[in-house]
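The values are calculated or read from the model by the stated rules, or taken from the named source; none is laboratory data. Predicted model only: the values in this text are computed from it and were never measured. With ideal geometry, Cβ positions are generated from the backbone for all residues, glycine too; neighbour counts draw on all protein chains shown. Just so you know, the surface numbers come from the protein's heavy atoms only, side chains and all, with ligands and any DNA or RNA stripped out. Shrake-Rupley method; radii C 1.70, N 1.55, O 1.52, S 1.80 Å.
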Amino acid sequence: MDTGWYANWQHVFKLDPDKEISDEALDQLCMSGTDAIIIGGSSGVTFDNTVDLLARVRRYSVDCALEVSTMDGAVPGFDGYFVPFVLNTKQADWLMLKQLEGLQEYGHFIPWEMTTASGYIVLNEQSTAAKVSGAEANLSEQEILPYLWMADRLLRLPVVYIEYSGTFGDMNVLARAASELEQAHLIYGGGIDNAEKAAQAAAHAHTVVVGNVVYDNLKAALATVEAVKSVKVSKQ
Ligand code: 1GP
């Protein structure tokens, strides 16, 4: 059974602390009925811009989690913390070494009960996430399977994150991931810019993450909440 603090999250907006967002837009996102806001980004994340965005989201009752990708951006006071491990890279930094550095520095202060390792499989070669982490993103469905087994069955990671950041992913791959996982919570993110795509991802993933479209088309971003929720209701 999925018992993580994020277990009931079906829809999440991911906000980048390095990007501007108006109070009006943030109000609509936080009041949209989404289950949570995740704060995280692949570049330009600092303590100051992370604290600032957390404080603004804290005016609302919506849950707020941090995706910890840099030491600078490690900020206390969130409802939960995801620590990403990029599985499909050969760069040890992103596999384990940066995370280890974090523990060496802040290990005594970590709220373990709300801190969760998420195994990322990064599948868009063009994304900043892929470039920064050196991910070998050009993988076929067959090639992805060992990563899923590694994450879910060998390492028993609580979360597997299928990350297509910036482009809408292959839903056959996502469906396959959903059917292969035995215990991990499946998160999907990437290229969701309308209700239809959100619904497609929600058919397979436990949690659907909506990122960039928030900055490009707020109305379309808001429509993804209802789309995800109705797929989940119809699956019950
Ligand atoms: C990024 O998975 C998220 O980490 C969301 O991706 O920005 O493409 O929606 P998009």
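Here are the numbers for the structure shown:
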{"read-out": "Dipole of the chain, positive end: most advanced residue of Ala221, Gly119, Val233 [Cβ charges, Cα centre]", "value": "Val233"}
{"read-out": "The range 1-72: C-alpha gyration tensor shape, a/c 1.5 cut-off, then a/b vs b/c", "value": "oblate"}
{"read-out": "Geometric extent, Cα atoms of the chain - Rg, Dmax (angstrom)", "value": "16.4, 46"}
{"read-out": "Sorted peptide list for 111-117, 134-140, 18-24, criterion being average Cβ within 10 angstrom, highest first", "value": "134-140, 111-117, 18-24"}
{"read-out": "Fraction of accessible area attributable to carbon and sulfur, the range 11-235 (%, probe 1.4 Å)", "value": "52"}
{"read-out": "Rounded accessible area per residue of the chain, 1.4 Å, Å²", "value": "47"}
{"read-out": "Among Tyr147, Tyr60, Tyr161, residue whose mean-square fluctuation peaks in a GNM of the chain (springs only between Cα atoms under 10 Å)", "value": "Tyr60"}
{"read-out": "Under 12 Å, Cβ to Cβ, from Val51 - net charge with Lys/Arg +1 and Asp/Glu -1", "value": "-1"}
{"read-out": "Full-extension gain in nm, Ile110 to Ser61, via 0.36 nm per residue minus C-alpha separation", "value": "15.4 nm"}
{"read-out": "Karplus (6.51, -1.76, 1.60) ³J(HN,Hα), θ = phi - 60°, over the range 163-175, in Hz, Gly and Pro reported as x", "value": "10, 10, 2, x, 9, 6, x, 7, 5, 5, 5, 5, 4"}
{"read-out": "Inter-centroid distance (Cα atoms) of the range 202-236 relative to the range 98-165, Å", "value": "22"}
{"read-out": "Exceeding the 20 Å Cα-Cα cut-off - candidates Lys19/Lys219; Lys197/Lys229; Lys197/Lys232; Lys131/Lys197", "value": "Lys131/Lys197"}
